[in-house]
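Student: Here you go, one structure.
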Amino acid sequence: MRRESPWPRRILLGIALLLAVVLLFLPLAAVFTEALRRGLAPALEAIAEPDAQAAIRLTLLVAALAVPVNTLGGLAAAWCIAKFTFPGRGLLLALIELPFSVSPVISGLVWVLLFGAQGWFGPWLQAHDMQIIFALPGLVLATIFVTFPFVARTLVPLMQEQGRTAEEAAATLGASGFQTFFRVTLPEIRWALLSGVLLCNARAMGEFGAVSVVSGHIRGETNTMPLHVEILYNEYQFVAAFAVAALLALLALVTLAAKALLERHGATRVHPA
């Protein structure tokens, strides 16, 4: 057999590494370099500032509320799509993909048109002293919309590949639907589920477009970390802006590292050495 030349593989690897350095590592290094340009103390002071602390707490709170909703919704959607055949299955899959194809700014504007002061439900909400836009509920709704596909799209291919054999065997042995799910299906998808949850969480913390529309940019109240970075940068507080951005990037890196470890652990469990 003719031996394949290693040069095409080396060239492609070199191009991939070059793109990774230019598009990923250099911008990330620039963020941390600018954050520490005047030393560690100014960066820590910028993070400890009350508005920054409020933005950090709000970001974590929005993620803590949005991620469990998307976890349950994505798990249910993936279960239905992968394990059952029903009318509207293709439509459900298309709806799951919708947030990927719609601009986050447009999705935020939709919530404003629905729940804003001049929106469809705005007068009723005002009459009952309820506020969604420019408040925490609006931030959570916008984040749920843009992050919904991550859990479902992580689980659907795996669950389709696994098929229905194990579930059908459990049903034949008399297991109920809940017993089948918790004792058969869930153990087989738990690592992929955790991976999807981590991706969802990373996007929830870093979302800018949708939450920018519905937040109102109320400093110390409705500004998440990405919005706070924008405000600091526009006010020429570059060290503070990059310090908060570095913290956000660090959270994302920790999330991605945890995701990589989960995927590796899951692969080891499936294909033990």
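The values are calculated or read from the model by the stated rules, or taken from the named source; none is laboratory data. Please read these numbers as outputs of a predicted model, since none were measured by experiment. Here Cβ is always computed from backbone atoms with ideal geometry, including for glycine, and neighbour counts include all displayed protein chains. In case anyone asks, the SASA skips ligands and DNA or RNA and just uses the protein heavy atoms, side chains included. Shrake-Rupley method; radii C 1.70, N 1.55, O 1.52, S 1.80 Å.
Student: Would you mind telling me which numbered condition in (1) surrounded by fewer than 21 Cβ atoms within 10 Å (Cβ to Cβ); (2) closer than 22 Å to ARG57 by Cβ LEU125 fails?
Tutor: (2) is the only condition that LEU125 fails.
Student: Quick check on segment 2-16. Is at least one of its residues open to solvent by less than 50 Å² (accessible area, probe 1.4 Å) and either within 19 Å of GLY196 (Cα to Cα) or under 23 Å from the mean Cα position of the chain (by Cα) (or both)?
Tutor: No, segment 2-16 has no match at all.
Student: Right, next: Do we have ALA55 as in contact (Cβ under 8 Å) with a residue 40 or more places away in the chain and part of a helix (DSSP H, G or I) here?
Tutor: Yes; evaluated as a whole, the condition is true for this residue.
Student: Can you tell which of ALA63, ALA41 is among the small types (Gly, Ala, Ser) and either closer than 24 Å to ILE144 by Cβ or in contact with a strand residue (DSSP E or B) (Cβ under 9 Å, 6 or more places away or on another chain) (or both)?
Tutor: Being among the small types (Gly, Ala, Ser) and either closer than 24 Å to ILE144 by Cβ or in contact with a strand residue (DSSP E or B) (Cβ under 9 Å, 6 or more places away or on another chain) (or both) holds for just one of ALA63, ALA41, which is ALA63.
Student: A follow-up question, please. Name the residue that is nearest to LEU186 (Cα to Cα), counting only residues in segment 61-85 that are without any contact (Cβ under 8 Å) to a residue 12 or more places away in the chain, open to solvent by 60 Å² or more (accessible area, probe 1.4 Å) and more than 12 Å from the chain's Cα centre (by Cα).
Tutor: Among them, the one singled out is LEU72.
Student: Keeping to segment 163-199, report how many residues are outside any helix (DSSP H, G or I) and surrounded by 13 or more Cβ atoms within 10 Å (Cβ to Cβ).
Tutor: Number satisfying all stated conditions: 2.
Student: Name the residues in segment 217-252 that are open to solvent by 40 Å² or more (accessible area, probe 1.4 Å) and touching a residue at least 24 places away in the same chain (Cβ under 8 Å), would you?
Tutor: Within segment 217-252, ILE218, ARG219, GLU221, GLN237, PHE238, PHE242, LEU247, LEU251 qualify.
Student: Of everything in segment 86-109 that's among the polar types (S, T, N, Q) and open to solvent by less than 80 Å² (accessible area, probe 1.4 Å), which residue is nearest to VAL214 (Cα to Cα)?
Tutor: Looking at residues that are among the polar types (S, T, N, Q) and open to solvent by less than 80 Å² (accessible area, probe 1.4 Å), I get SER107.
Student: Could you check, for segment 174-192, whether at least one of its residues is more than 25 Å from ALA152 (Cβ to Cβ) and either of a type in the set (Ser, Thr, Tyr) or out of contact with any Leu (no Cβ under 8 Å at 6 or more places or on another chain) (or both)?
Tutor: Yes, segment 174-192 has at least one match.
Student: What are the pairs with Cβ atoms under 8 angstrom where one residue, in segment 166-195, is without any contact (Cβ under 8 Å) to a residue 12 or more places away in the chain and closer than 20 Å to VAL69 by Cβ and the other, located anywhere, is crowded, with 18+ Cβ neighbours inside 10 Å and of a type in the set (A, V, I, L, M, F, W, C)? Sequence gap at least six, or different chains.
Tutor: What qualifies is LEU186/LEU193.
Student: Mind checking which residues of segment 200-226 are among the hydrophobic types (A, V, I, L, M, F, W, C) and in a loop (DSSP other than H, G, I, E, B)?
Tutor: PHE208, ILE218
Student: From the list PHE115, PHE145, PHE100, PHE150, which one is in contact with a Ser or Thr (Cβ under 6 Å, 6 or more places away or on another chain), among the aromatic types (Phe, Trp, Tyr) and touching a residue at least 12 places away in the same chain (Cβ under 8 Å)?
Tutor: Just one listed residue meets the conditions, PHE145.
Student: Does segment 38-49 contain any residue that is in contact (Cβ under 8 Å) with a residue 24 or more places away in the chain, touching a Pro at 6+ places or on another chain (Cβ under 8 Å) and open to solvent by 40 Å² or more (accessible area, probe 1.4 Å)?
Tutor: No, the conditions are met nowhere in segment 38-49.
Student: Based on what the data block shows, is VAL146 at pLDDT 85 or above and either in a loop (DSSP other than H, G, I, E, B) or out of contact with any Asp or Glu (no Cβ under 8 Å at 6 or more places or on another chain) (or both)?
Tutor: no
Student: Taking segment 62-87 only, how many residues are touching a helix residue (DSSP H, G or I) at 6+ places or on another chain (Cβ under 8 Å) and either in a helix (DSSP H, G or I) or modelled with pLDDT of 95 or more (or both)?
Tutor: 18
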